[in-house]
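Notes to accompany the following structure.
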Amino acid sequence: MSAKKCAREECGKTVYPLEELKCLDKVWHKQCFKCTVCGMTLNMKNYKGYDKMPYCEPHYPKTVASVVTDTPEMRRVAENTKNQSQVQYHAAYEKSKGTKIEVADDPEMERHRKNMQV
């Protein structure tokens with residue numbers, strides 16, 4: 001059976017079963033289980049683990065959700081969303097209104113034809 005070494009880098013000594021603390025997939029001495037930032041001794045009730053390292057509540061790294069908007073996929077999605085938007089469609093319709101010739105007969109065209117024949 002191989003001897004277990006303490007996970008704290010400064011210690012690195014053998015951890016015996018009576019003093020071992022198994023946490024964050026590592027083995028620690030009870031007195032070596034400290035906050036990575038301030039060195040406060042932690043226990044199983046007051047620690048927070050991040051990246052397999054122990055932290056106290058005030059020094060726990062805050063994970064902030066970041067928005068990745070400049071990837072090719074996100075640009076494609078944004079362009080498609082803009083194209084499918086009724087506002088974009090309506091603006092394009094209003095801009096092209098009167099510049100195109102309508103081919104289909106509608107009631108208004110029928111009325112114009114009758115008025116022109118008289």
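Read-outs throughout are calculated quantities, based only on the coordinates presented, and are distinct from any laboratory measurement. Computed from a predicted structure; not experimentally measured. Backbone-built Cβ (ideal geometry, glycine too); neighbour counts: all protein chains shown.
Model label sites at GLU10 and LYS45, defined 7 Å from Cα along the beta-carbon direction, differ in position by 2.5 nm.
Measuring against 20 Å, Cα to Cα, the residue pairs LYS22/LYS48; LYS5/LYS45; LYS13/LYS62 contain LYS5/LYS45; LYS13/LYS62 as the ones spanning a longer distance. The alpha-carbon of LYS82 sits under 28 angstrom from the alpha-carbons of these lysines, leaving out residues fewer than 8 places away in its chain: LYS95, LYS97, LYS100.
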